[in-house]
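J.: After the structure tokens below, expect a handful of questions from me.
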Amino acid sequence: MRTKVWALLIFFLIAGMVLSLTIGANSLSIEEIGTIIIGRGSPTQQLLVFHFRFPRTLIAILAGTGLAISGYLFQAVTHNDLAEPGILGINAGAGLTVLLYLGFFTTESSNSLLPFIASSGSFLAAFLVYFCGKHEQKFVPNRLLLSGVAVNAGLSALTLISTVNVSQDSYRFVTTWLSGTIWGTTWQHVLMILPFLCFFLPLVLWQGKSLEVMSLGDEEAISLGLPLKKVQLFFLIIAIILAAISVAVVGSISFLGLIAPHLAKNIIHRQKSQSLLMAAFFGALLLLYSDILGRVILSNGEMAAGIIVAIVGAPYFIFRLLKTNQGLSNNVK
């Protein structure tokens with residue numbers, strides 16, 4: 001069963017990459033893509049595929065992977081299936097700093113500093129959530145989640161207020177960014193996120209046993225000799241870094257970090273390396289196909305990938321919330 005699932009995931013990933021290269025304002029056939037790859041396409045086709053569509057395809061895959069792993073780690077640390085980067089204020093922090101930067105320091109939305117500005121906002125938001133979420137110098141997972149919801153709401157409100165003082169062009173870019181449009185579509189953006197994934201994914205997989213022990217519960221993990229607070233902080237830092245750098249290049253994508261880990265856990269029920277890798281695959285596929293659908297749905301222009309993900313993710317979030325509440329009610333009875 002799992003072998004078939006892995007085969008399907010790999011197939012859909014390859015198919016999605018091909019579709020992403022063919023679909024756009026100037027459509028290309030699969031035969032033309034093959035011709036371009038072997039170097040026989042026209043200079044215009046070479047430019048279109050290798051300098052625009054291929055980097056965008058890789059960005060969607062890498063950012064989707066990063067957000068999925070981040071959501072998986074957030075859920076593991078907080079022991080809460082509703083935790084994900086968007087809910088914990090990562091997206092809102094990045095959005096606010098991007099808006100402030102464009103509104104008061106520059107009007108160039110293509111500025112190369114924007115990913116770093118967005119990342120700094122995510123880190124500041126995460127620090128604020130962590131500072132508000134700890135209690136008596138102790139890390140409290142549930143308190144962290146509640147703090148994330150509060151910080152997310154506060155930063156979102158500040159972003160709306162700050163839009164009053166920005167130019168029309170900056171406002172247009174920020175609203176596009178907040179809707180989850182994949183704007184980082186160059187090889188420079190690919191190289192921004194790729195090293196982080198290449199470093200942190202093997203590191204998390206290497207600590208897979210710690211994730212599995214931590215899923216048993218705090219008391220059980222401590223009794224088995226796991227340095228719980230250090231491990232929680234370790235995974236939390238990695239989750240924040242991956243979410244921040246992913247959001248910085250693809251805009252505000254919510255719910256992806258919620259859906260992908262759940263899909264993986266429904267197939268592989270234990271928290272271990274295989275379920276983490278499957279969550280990464282699901283994250284890559286969700287963002288890649290959302291980006292493709294966004295280009296197909298509207299005949300004139302494109303719909304933001306974040307909107308497509310939210311259309312699927314918001315009902316799923318409500319479903320999980322109702323299911324969690326139902327489980328709590330049954331436990332009380």
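The values are calculated or read from the model by the stated rules, or taken from the named source; none is laboratory data. As the structure is a computational prediction, the values presented were derived from the model and not from experiment. Here the Cβ positions follow ideal geometry from the backbone for every residue, glycine too, while neighbour counts run over all protein chains shown.
J.: Residues that are at pLDDT below 90 and surrounded by fewer than 14 Cβ atoms within 10 Å (Cβ to Cβ), at least 2 per element: which helices (runs of 4 or more DSSP H) completely within region 1-109 meet that?
T.: 2-22, 30-37, 43-48
J.: Can you name every residue in region 5-25 that is over 16 Å from T57 (Cα atoms) and either of a type in the set (V, I, T) or over 26 Å from the mean Cα position of the chain (by Cα) (or both)?
T.: Answer for region 5-25, where residues must be over 16 Å from T57 (Cα atoms) and either of a type in the set (V, I, T) or over 26 Å from the mean Cα position of the chain (by Cα) (or both): just V5.
J.: I'd like the full set of residues that are among the polar types (S, T, N, Q) and within 19 Å of G86 (Cα to Cα), limited to region 153-177.
T.: The answer is S156, T159, T175, T176.
J.: A further question on this structure: Which residue pairs have Cβ atoms closer than 7 Å, lie 6 or more positions apart in sequence or on different chains, and pair a first residue in region 287-300 that is within 13 Å of G24 (Cβ to Cβ) with a second residue that is of a type in the set (A, V, I, L, M) and crowded, with 22+ Cβ neighbours inside 10 Å?
T.: D291/A60; D291/I182; D291/A305; G294/A304; G294/A305
J.: From (1) assigned to a helix (DSSP H, G or I); (2) modelled with pLDDT under 90, pick out the condition that doesn't hold for G301.
T.: That leaves (1) as the condition not met.
J.: While we're looking at this one, here's another question. Examine region 188-197 for a residue that is under 15 Å from L73 (Cβ atoms) and assigned to a helix (DSSP H, G or I), and state whether such a residue exists. Don't jump to the end; show me each part of the working.
T.: Step one: filter region 188-197 for residues under 15 Å from L73 (Cβ atoms), giving 196-197.
Right, trim to assigned to a helix (DSSP H, G or I) and you get 196-197.
Taking every residue of region 188-197 in turn, at least one turns out to be under 15 Å from L73 (Cβ atoms) and assigned to a helix (DSSP H, G or I).
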